[in-house]
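The structure appears below as structure tokens.
Values in this text are rule-based calculations from the coordinates and carry no lab data. The shown structure was predicted, so the numbers you read here are calculated from the model rather than taken from an experiment. No Cβ is skipped: glycine too gets one built from the backbone with ideal geometry, and neighbour counts run over all protein chains shown.
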Amino acid sequence: MPRTYSESLMLSVSKSPTETLGVEFASACIEAKLPAKYVAERFDVSRMTIHSWFRGSPIRPNSAKRMKVMLAQIKKDLECGRLPATGLADAKAYLRGFVNE
């Protein structure tokens, strides 16, 4: 079962002085209730890598490109009410819809 986001991460994201792509993506994933485990599977990286990106670590160009596409879709789906996910199965199904480029 995927872990929920820690208070430490959520506080770090909300108080981040600079809005990097990773921090912006973290904010969207937290708001959309998309677990890091499932996000990591979509990017074919470890959960630890996702958490590093969420805290502002550098992101390789190919991953950054994919992240921008996913971020735009998450924001759109948050606005139209498709997100936040109502449960783990919903989150997993939502993320399964993104194709690795």
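The aspartates and glutamates within cross-link reach of Lys33, meaning a Cα-to-Cα straight distance under 18 Å and a gap of 8 or more places when in the same chain, are Glu7, Glu24, Glu41, Asp77, Glu79, Asp90. Here the sum of -39500 (n - 2.57) over DSSP H runs of 4 or more residues, divided by the residues of the chain, equals -19500 deg cm²/dmol at 222 nm, to the nearest 500.
Mean separation of Cα pairs under 8 Å and 6 or more residues apart, divided by the residue count, gives the chain a relative contact order of 34 percent.
Shape call for the chain from the C-alpha gyration tensor, a ≥ b ≥ c root eigenvalues: rounded (a/c under 1.5), prolate (a/b greater than b/c) or oblate? Verdict is rounded for the chain. Which is the longest part of the chain that has none of the trypsin sites (Lys or Arg not before Pro) sitting in a DSSP loop with at most 10 other Cβ atoms within 10 Å? Answer from the scan: 16-101. Rounded to the nearest Hz, the phi-derived 3J(HN,Hα) couplings of the range 64-69 under the Karplus curve 6.51 cos²θ - 1.76 cosθ + 1.60 (θ = phi - 60°) are 5, 4, 5, 5, 4, 5, where x marks glycine and proline.
Karplus-derived 3J(HN,Hα) values for the range 85-94, using 6.51 cos²θ - 1.76 cosθ + 1.60 with θ = phi - 60°, are 4, 8, x, 5, 5, 5, 5, 5, 5, 4 Hz; glycine and proline are entered as x.
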